[in-house]
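The values are calculated or read from the model by the stated rules, or taken from the named source; none is laboratory data. Note that the structure is a prediction, hence the values are computed from the model and not measured. Cβ placement follows ideal geometry from the backbone for every residue including glycine, while neighbour counts extend to all protein chains displayed. We work out accessible area using only protein heavy atoms, side chains counted, and drop any ligands, DNA or RNA first. Shrake-Rupley method; radii C 1.70, N 1.55, O 1.52, S 1.80 Å.
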Amino acid sequence: MGDSDTEKQVEQAFDQIFEALHATDAEKLDALLADRPGSIHIGSDPGESWTKSQFVDMIKEAMSAGGSQVRAEHDKVNVQIAGDVAWIDATGRFISNEGAQRDIRLTGVFVREGGRWKAAQSHVSIGVPNDAIFEA
């Protein structure tokens, strides 16, 4: 299998995570996240840092509360591969139910487990201009 095929597989796994989050589908999300010690998923809020089980539980809570109030979209994903490890970076946006948008940056590390690419690490951030870092 060529690198471009593998890159497409990683990008598809990334897309499937977005689909699971939009659908608040905890079972699908669980299947897309790696089962590895040290796996971490970091959100944009300073208090958002989850293990796989915590992330899946958070989605279950969102399901019972009627879904998320914000969805995320991404633009082109850049994929790099080294054997059974791949890393991605992308830009995108958060979109509120009212239509407000905020640009985001995304990174992730994927590992091949059981022949499937799964996220072992993910991170989303909202960029702040350097001259605004210390503003309240």
Going residue by residue through region 124-132, is there one that turns out to be in contact with a Leu (Cβ under 9 Å, 6 or more places away or on another chain), touching a residue at least 60 places away in the same chain (Cβ under 8 Å) and open to solvent by 30 Å² or more (accessible area, probe 1.4 Å)? no
Candidates Ala34, Ala13, filtered to the one that is in contact with a strand residue (DSSP E or B) (Cβ under 7 Å, 6 or more places away or on another chain), closer than 12 Å to Gln121 by Cβ, open to solvent by less than 60 Å² (accessible area, probe 1.4 Å) and in contact (Cβ under 8 Å) with a residue 40 or more places away in the chain: Ala34
Is region 77-89 home to any residue that is free of Cβ contacts under 8 Å to residues at least 60 places away in the same chain and farther than 17 Å from Gln121 by Cβ? no
Of all residues in region 37-67, count the ones that are in a loop (DSSP other than H, G, I, E, B), open to solvent by 20 Å² or more (accessible area, probe 1.4 Å) and under 16 Å from His123 (Cβ atoms). 7
Subset of region 71-92, residues of a type outside the set (Phe, Trp, Tyr), surrounded by 16 or more Cβ atoms within 10 Å (Cβ to Cβ) and within 16 Å of the chain's Cα centre (by Cα), comes to Ala72, His74, Val77, Val79, Ala86, Ile88, Ala90, Gly92
Please indicate, with yes or no, whether at least one residue in region 103-112 is without any contact (Cβ under 8 Å) to a residue 60 or more places away in the chain and in contact with a Lys or Arg (Cβ under 6 Å, 6 or more places away or on another chain). yes
All positions within region 93-123 that are farther than 14 Å from Gly43 by Cβ, open to solvent by 60 Å² or more (accessible area, probe 1.4 Å) and modelled with pLDDT of 95 or more: Ala100, Gln101, Asp103, Arg112, Arg116
Selection within region 57-97 - among the β-branched types (Val, Ile, Thr) and either under 27 Å from Asp3 (Cβ atoms) or in contact with a strand residue (DSSP E or B) (Cβ under 7 Å, 6 or more places away or on another chain) (or both): Val70, Val77, Val79, Ile81, Val85, Ile88, Thr91, Ile95
Given (1) open to solvent by 70 Å² or more (accessible area, probe 1.4 Å); (2) out of contact with any Lys or Arg (no Cβ under 8 Å at 6 or more places or on another chain); (3) in contact (Cβ under 8 Å) with a residue 40 or more places away in the chain, identify the lone condition not met by His22. (2)
Would you please name the residue that is nearest to the chain's Cα centre (by Cα), looking only at residues in region 1-55 that are charged (D, E, K, R) and under 15 Å from Ser68 (Cβ atoms)? Glu19
